[in-house]
1. I need the shape label for segment 335-437. Rule: rounded when a/c is under 1.5, else prolate if a/b > b/c, else oblate, with a, b, c from the alpha carbon gyration tensor.
2. State the percentage of accessible surface on the chain attributable to carbon and sulfur atoms; use a 1.4 Å probe and exclude ligands, DNA and RNA.
3. I'd like the Kirkwood hydrodynamic radius of segment 261-395, using the inverse of the mean 1/r over distinct C-alpha pairs, in Å.
4. Accessible area per residue, 1.4 Å probe, Å², for the chain: what's the number?
5. Helix 242-251 against the longest principal axis of the chain: what's the angle in degrees, Cα atoms only, rounded to the nearest 10?
6. Sort 386, 306, 342 by accessible area with a 1.4 Å probe, largest first.
7. Just from its helices, what would the mean residue ellipticity at 222 nm be for the chain, if runs of 4 or more DSSP H residues each count -39500 (n - 2.57) and the sum is divided by every residue, rounded to the nearest 500 deg cm²/dmol?
8. Only loop residues by DSSP count here, and only those with at most 11 other Cβ atoms within 10 Å; note down the trypsin sites (Lys or Arg not before Pro) in segment 236-307 that meet that.
Amino acid sequence: MTNTTRRQFIASAAAAGVMAKLGVAAPSARQGRLVKGRKINIACVGCGGKGADDVRQFSGENIVALCDVDLARASQAVLSHPKAKLFRDWREMLAVMDGEIDAVVVSTPDHMHFPIALRAIEMGKHVYVQKPLTHTVKEARLLLEAARRHNVVTQMGNQGHSNESTRLFKEMLDADAIGDVTEVKIWTNRPVWPQDKELPKGEMAVPATLDWNLWLGVAPWRPYNRAYMPFDWRGWWDYGSGAIGDMGCHTMDAAFWGLQLGAPDSVSAEVVGGSEFSCPKGSVVTYKFPARGKRPPVTLKWYDGCCKPERPAVLPEGEAMPGSGQLFTGTKGFIFCPGDYCDSARLLPKSLADSFKRPPKTLPRIANGHYQNWLDGIRGVVDAPCSNFEHAVPLTEIALLGAVAVRARGSFKWDAAALKCDNPDAQRYISKVYRMF
């Protein structure tokens, strides 16, 4: 057995084990099929909040099924798509609607992305999965193997990767606008939900519209409490990945793509507050990336919550530091990007900006946006969507490795090929145990 075949076998066996624990059928040999000459039949899992927006984005196609554990949260999507069949359990939906579904959109809390997406892929369905792609690094790697094995069209919901501004930024880097980049600082205004909290005590009555067991899914059993959902789940490690999980796949994307970062050699974290259950009040995560060809090593520093970087001295006097942003330090100057999506990237200092001649557009542009890009892939209009799992998985792994360092409250060296940390406290967060429900 070749090394590649062996890796695929191990990944397939691991995925099959997860599915067996969740009470669904063994993996099939199905392959994804292109859809031409008709609308795409789409099933949406998670129809409230961000999920409701995702349903709207695909309303031009044929929404054949809607699935949500909370019927009240799903009500608007149901009213907008009266012909779609409604389910609470995604396993039932996939089993009953198998022959009618071409593609599945997963817009649930982080902890349920992997089992739903994996089962859909194993059934030969194309998948669009919200960020972060998975809840653990091991899950991300398994999804990539499954997507390759079943030849499905994939896309992660980091919509900034389709933006014009991200491409202009990369073209500036490729044109050697600031020389060799050695340091990147990224900061965010997240969390905008409660963190650094004690576990709630007591038990609240479960709303009549909610199936609490299905909402918990693979997460450990815990009595219902409003502190967990519908929005505040991001601040609890059992369901979310904190600020870095929420925004890392957005704000780290430009650095990952533009600098061809690959996997880090090491990750460390400084943490304020938090616990085994609750994400911290703030954190600073430091990644060390090795040299890549002629590109020198890069240090990337992430800041969230109460931890903020100092105002960059290179910012013009009087200019306020934005709540979120990115600063790239090169041997010739700086690129500054306010906001979450590499928006309005500009060169600093002004003298560098004035002397720089913007290069011609060399990168392909994304027609009609991120969602349509996935649909174009399913129709065979594009070879692969721009944030397909070949791009999304290593990016997700970087963000989640930061969450691992935060949870371990320390540092570790990282062996990406073996999925191994040299710190046992960190290694236990690379994968997780699944509850049968």
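The values are calculated or read from the model by the stated rules, or taken from the named source; none is laboratory data. A quick note: this is a predicted structure, and the numbers were derived from the prediction, not measured. Reconstructed Cβ throughout: ideal geometry from the backbone, glycine too, with neighbour counts over all protein chains shown. These area figures cover heavy atoms from the full protein model, side chains too; ligands, DNA and RNA do not enter into them. Shrake-Rupley method; radii C 1.70, N 1.55, O 1.52, S 1.80 Å.
1. Numbers: a/c = 2.87, a/b = 1.40, b/c = 2.06.
Oblate shape, in that a/c is at least 1.5 and b/c is the bigger or equal ratio.
2. Details: 9500 of 18050 Å².
Carbon and sulfur together cover 53 percent of it.
3. Details: mean 1/r = 0.0546 Å⁻¹.
Computed over Cα pairs of segment 261-395, the Kirkwood hydrodynamic radius comes out at 18.3 Å.
4. Details: 18050 Å² over 437 residues.
With the other protein chains kept in place, the chain gives 41 Å² per residue.
5. 60 degrees
6. Values: 386 25, 306 75, 342 0 Å².
Descending order: 306, 386, 342.
7. Numbers: 14 runs with 138 residues, N = 437.
Rounded to the nearest 500, it is -9000 deg cm²/dmol.
8. Numbers: sites: 281, 288, 292, 294, 301; in loops: 281, 294.
Hits after loop and neighbour filter: 294.
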